Amino acid sequence: MKAQSLYKIPSTIADNALVTDAQYKKMYQESIINPNGFWREHGKRIDWIKPYSQIKKTSFDAHNLYIKWFYDGTLNASANCLDRHLQHDEHKLAIIWEGDDANKQRNLTYSQLHQQVCQFANALLSQGVRRGNVVTIYMPMIPETIVAMLACARIGAIHSVIFGGFSPDSIAARIIDGASKVVITADEGVRAGRTIPLKNNVDEALAHPDVQCVEKVIVMKHTAGPINWVNDRDIWWESLITTASKHCPFEEMAAEDPLFLLYTSGSTGSPKGVLHTTGGYMVYAAMTHEYVFDYKKDDIYWCTADVGWITGHSYMVYGPLANGATILMHEGVPNYPSPSRLGEMIDRHKVTTLYTAPTLIRSIMAEGKDKFSHFDGCSLRILGSVGEPINPEAWRWYHEVIGKQACPIVDTWWQTETGGILITPLPGATETKPGSATRPFFGVQPAIVDNQGTLLEGKSEGNLVILDSWPGQMRTIYGDHDRFILTYFKTFNGMYCTGDGAKRDEDGYYWITGRVDDVINVAGHRLGTAEIESALVAHPHVAEAAVVGYPHDIKGQGIYAYVTLNTGVKEDEPLMQELIRWVRKEIGSIASPDLIQWAPDLPKTRSGKIMRRFLRKIAANEITQLGDASTLADPSVIDALIVTRLNK
Ligand code: WT7
């Protein structure tokens with residue numbers, strides 16, 4: 001590992017930070033030595049209806065697995081995001097919203113948000129939604145999406161938010177898995193000047209013969225674009241609201257009652273319904289939001305993630321709102337209509353805290369610094385990065401051009417499964433190194449193991465595991481607890497297996513090296529290669545397919561598909577385009593292959609297992625370092641693939 005430059009903590013930050021380095025070390029020690037005492041105190045940062053007396057009951061033993069936090073306490077997540085702020089902060093802005101078209105702006109105070117949530121919660125009750133029901137939300141980036149989530153939480157319904165980039169087939173699969181009776185959507189969303197036919201996608205999903213569970217579709221009028229209407233099933237959001245009472249008491253939920261489901265891709269099979277519960281998740285989301293972003297009550301906090309991902313759940317909705325923060329919410333993308341949009345929005349709304357993804361930084365960086373010549377940026381204090389490893393060039397650009405060298409960068413490593421940030425610098429405590437997520441958050445015990453599961457000490461590289469539970473951890477895969485145990489706790493018994501590789505350097509800093517399984521990360525979006533392969537082989541002309549990630553300048557990883565066609569089918573450009581459209585239809589635009597290579601044969605072992613390691617190297621154009629091909633049934637397959645790759 002080459003020597004890395006260390007970035008000091010700016011004195012303006014250090015002087016007012018919530019946590020200094022010495023405090024971090026002391027608190028971290030305490031959190032590991034005495035987790036019950038540590039979390040007993042920190043659990044109090046949220047409001048409980050019945051306070052807990054039990055704190056942590058957890059075991060990562062795959063044969064005897066249990067994860068419970070604060071488990072005799074009761075609370076309500078929506079009350080924690082709303083009601084608790086009404087006494088002192090009723091007029092404080094909760095949401096500043098800016099549309100894809102910057103002329104569209106809306107503000108909501110905490111009291112207005114509270115009122116809308118109560119009304120919509122009553123609307124859901126009027127449609128028969130009850131505690132424990134799963135409600136699907138497929139909406140654009142508008143305040144009503146947050147209203148819908150918090151309304152579910154208020155009445156104890158479990159929300160399942162689906163990112164707007166998923167196709168009707170993907171929506172259908174998630175609705176079926178959750179047996180959802182109600183779907184909440186909007187007529188259309190808007191993104192970079194284009195409309196997204198949300199309601200039409202829902203209609204198509206519901207036309208799927210296996211979707212029998214949905215009784216009602218609630219439709220928010222957003223663009224007033226044309227939509228189809230199904231009488232007796234579809235209801236306008238507005239018409240439900242006008243008759244709904246503004247008072248809605250919140251349900252008393254047990255700490256371990258489910259709060260939401262969120263589907264994410266794994267290395268095998270269909271996407272998993274990650275289930276998060278209420279108490280531990282809320283404590284962890286609120287606490288990490290406060291410490292990682294060194295939250296101050298006058299902050300204007302902007303997380304650019306879509307609410308359909310975990311980042312949107314924990315760091316746009318639950319964490320910041322539990323802390324009474326003012327959030328900026330943007331429909332659309334921060335580099336439209338031009339790369340300067342990001343800077344304009346920061347200046348327009350006096351953003352203090354920006355949390356975004358490396359892929360966005362790389363895409364605006366590619367446009368050149370002059371796009372930021374009018375950018376002031378003096379409101380900014382803290383910059384965050386999430387979703388994939390940030391390359392040092394992008395880190396430095398972020399630091400210099402956006403942060404004007406005055407803002408610490410928190411490179412936060414975590415996962416849908418972890419509910420909140422696990423490895424990260426703290427702005428006032430951690431000197432940073434470009435590309436490193438640095439040190440564990442309180443209560444988190446990362447470790448590195450070799451492929452046999454042996455713990456590696458000191459400076460090392462291997463599989464990243466977590467040795468003990470933290471409150472925000474997922475509790476199960478909805479409807480498939482065995483898969484939960486198998487996926488996360490069987491690989492290295494007694495440890496949570498992250499699926500990521502990592503290095504630890506001489507200072508104990510962690511460097512995430514990327515996935516070690518068959519999951520790829522495309523522009524911060526997580527996809528299973530198996531999912532894309534099964535979409536491809538579902539096409540009538542495709543015999544076999546193997547998908548790998550390859551280095552991509554902007555997206556981090558691109559999708560590279562090797563496709564074997566059925567005998568007699570012609571390998572041509574129109575079919576290639578059709579396959580790309582096909583994957584888009586099956587999964588969604590985010591899974592669209594960047595490159596397809598025809599592969600008359602795939603490299604396989606004698607027992608028929610596809611050797612992906614060769615395919616990854618060929619896709620990455622690393623053909624001089626292919627390694628030993630002698631275990632292949634037919635090593636000449638490799639040469640044939642190299643020849644076609646070189647011609648691409
Ligand atoms: C995977 C989880 C966590 C919210 C967004 C993604 C990668 C995430 C980082 C980071 C290096 C990162 C990992 C992880 N990842 N953050 N700061 N540095 N890699 O959530 O979709 O569940 O994906 O994203 O590979 O396993 P997700």
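The values are calculated or read from the model by the stated rules, or taken from the named source; none is laboratory data. In this text, all values refer to a predicted model and were calculated from it rather than measured experimentally. Neighbour counts run over all protein chains shown; Cβ positions are idealised from the backbone, glycine included.
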- Task: Go through region 53-79 residue by residue and tally those that are hydroxyl-bearing (Ser, Thr, Tyr), part of a loop (DSSP other than H, G, I, E, B) and crowded, with 23+ Cβ neighbours inside 10 Å.
- Result: 0
- Query: Do you know which of the residues in region 1-16 that are surrounded by 15 or more Cβ atoms within 10 Å (Cβ to Cβ) and either assigned to a loop (DSSP other than H, G, I, E, B) or not hydroxyl-bearing (Ser, Thr, Tyr) (or both) is modelled with the lowest pLDDT?
  - Reply: Gln4
- Message: Filter region 535-549 down to the residues that are touching a residue at least 24 places away in the same chain (Cβ under 8 Å), in contact with a strand residue (DSSP E or B) (Cβ under 8 Å, 6 or more places away or on another chain) and surrounded by 20 or more Cβ atoms within 10 Å (Cβ to Cβ) and list them by number.
- Response: Leu536, Val542, Ala546, Val547, Val548, Gly549
- Query: Within region 404-424, which residues are closer than 21 Å to Ile346 by Cβ and either of a type outside the set (Gly, Ala, Ser) or within 9 Å of the ligand (Cβ to nearest atom) (or both)?
  - Reply: Lys404, Gln405, Cys407, Pro408, Ile409, Val410, Asp411, Thr412
- Meets criteria (under 26 Å from the mean Cα position of the chain (by Cα), within 25 Å of His159 (Cα to Cα) and modelled with pLDDT of 95 or more) for Ala102: no
- Query: Here are some conditions: (1) at positive phi; (2) of a type outside the set (Val, Ile, Thr); (3) within 34 Å of the chain's Cα centre (by Cα). Arg584 meets all but one. Which one does it not meet?
  - Reply: (1)
- Identify, please: which residue in region 153-170 is over 20 Å from the mean Cα position of the chain (by Cα) and of a type in the set (A, V, I, L, M, F, W, C) and is, among those, surrounded by the most Cβ atoms within 10 Å (Cβ to Cβ)? Ala157
- When residues of region 181-201 are limited to those that are in contact with a helix residue (DSSP H, G or I) (Cβ under 8 Å, 6 or more places away or on another chain) and assigned to a loop (DSSP other than H, G, I, E, B), the one nearest to Gln212 (Cα to Cα): Asp187
- Task: Please go through region 521-567 and pick out each residue that is touching a Phe, Trp or Tyr at 6+ places or on another chain (Cβ under 9 Å), aliphatic (A, V, I, L, M) and within 16 Å of the ligand (Cβ to nearest atom).
- Result: Val548, Ile559
- Query: Going by the structure shown, is Ser607 under 26 Å from the mean Cα position of the chain (by Cα) and surrounded by fewer than 21 Cβ atoms within 10 Å (Cβ to Cβ)?
  - Reply: no
- Item | Subset of region 17-48 (residues that are surrounded by fewer than 14 Cβ atoms within 10 Å (Cβ to Cβ) and not in a helix (DSSP H, G or I)) | Asn34
- Task: Within region 69-86, count every residue that is over 30 Å from Thr109 (Cα atoms) and in contact with a helix residue (DSSP H, G or I) (Cβ under 8 Å, 6 or more places away or on another chain).
- Result: 3
- Item | Criterion (β-branched (Val, Ile, Thr), surrounded by 21 or more Cβ atoms within 10 Å (Cβ to Cβ) and within 15 Å of the ligand (Cβ to nearest atom)) met by exactly one of Ile477, Ile512 | Ile477
- Task: Please specify each residue of region 408-424 satisfying the condition of being in a loop (DSSP other than H, G, I, E, B) and crowded, with 24+ Cβ neighbours inside 10 Å.
- Result: Pro408, Trp414, Gly419, Gly420, Ile421, Leu422, Thr424
- Message: Looking only at region 584-630, count every residue that is in a helix (DSSP H, G or I) and closer than 30 Å to Arg191 by Cα and tell me the total.
- Response: 6
- Would you say Ala502 is crowded, with 21+ Cβ neighbours inside 10 Å and away from the ligand (no atom under 11 Å from the Cβ)? no
